[in-house]
Amino acid sequence: MTHLVNLQQHRIRSASINDLEAIVSLDMDSNPHPWGENLIKDALATRQNWVIESCDEQGSINISAWLTASMLFEQSELELIVVDRFFRRQGLARKLMTHWFDAIKRQNMGREQPVSECLLEVRESNLGAITLYKSLGFELMGRRKNYYQSEQGNEAALLFNLTISYQGERP
Ligand SMILES: CC(C)(COP(=O)(O)OP(=O)(O)OC[C@H]1O[C@@H](n2cnc3c(N)ncnc32)[C@H](O)[C@@H]1OP(=O)(O)O)[C@@H](O)C(=O)NCCC(=O)NCCS
């Protein structure tokens, strides 16, 4: 049974290689399909990463969520978002996703080719994540049959996209 921890305080910050151990532990405990240390190290070195540090009722500060996204030309792709299973349904994923959109809009201000689209892929069975993405405005754009391996055999990937409206003056 999952015991939810009431959130007292949290802050979002960029993540670095110094967070490797904490993110590996979050991934192992809270991601049903963990990435493992090597992939996480690569993500911290090559992609954009943010974490949420949360303070629980006992005053302990821990990394409770991680989002990693790649940026390529006019697209940014969500590679993974994971929230500590004890901190779920308190809006952390929504906050981290919104932070990602805001970062794109800020970075767009100095770019010749602004990022105009966010992309993601999700297992068809991951109804919680799909509900989250739809609530943020993502729209279904495709389905890849048998894309992921699962305990019940293969399962499809759903592809979603979201158009990012340009804000600020173009360079
Ligand atoms: C999916 C995940 C990131 C959601 O994190 P979270 O912090 O609990 O999400 P939030 O509290 O921000 O939820 C925002 C909204 O998303 C939807 N949602 C989130 N989890 C849901 C669930 N399990 N069932 C139904 N809806 C859900 C709800 O609409 C929710 O709003 P509400 O709580 O007001 O109803 C988290 O469950 C997780 O880490 N799962 C394991 C890793 C994973 O599957 N990542 C996504 C694949 S890339």
- [ ] Using DSSP to define loop residues, name the GluC sites (Glu not before Pro) in the stretch 75-155 whose beta-carbon has at most 14 other beta-carbon atoms within 10 Å.
- [x] GLU112, GLU151
- [ ] Please calculate how many Å² of accessible area the chain carries per residue, with a 1.4 Å probe and no DNA, RNA or ligand atoms counted.
- [x] 59 Å²
- [ ] Go ahead and estimate [θ] at 222 nm for the chain from helices alone: -39,500 (n - 2.57) per DSSP H run with n ≥ 4, summed, over the residue count, rounded to 500.
- [x] -8500 deg cm²/dmol
Task: Average projection area in nm² (convex hull over Cα atoms of the chain, one quarter of hull surface) - done: 10.8 nm²
Open item on the list: Can you tell me which of SER14, SER150, SER30 moves the most in a GNM of the chain? Springs connect C-alpha atoms under 10 Å apart.
Closed with: SER150
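The values are calculated or read from the model by the stated rules, or taken from the named source; none is laboratory data. Because the structure is a prediction, the values reported are computed rather than measured. Neighbour counts are summed over all protein chains in view; Cβ atoms, including those assigned to glycine, are modelled from backbone coordinates with ideal geometry. Note: areas computed on protein heavy atoms with side chains; ligands, DNA, RNA excluded. Shrake-Rupley method; radii C 1.70, N 1.55, O 1.52, S 1.80 Å.
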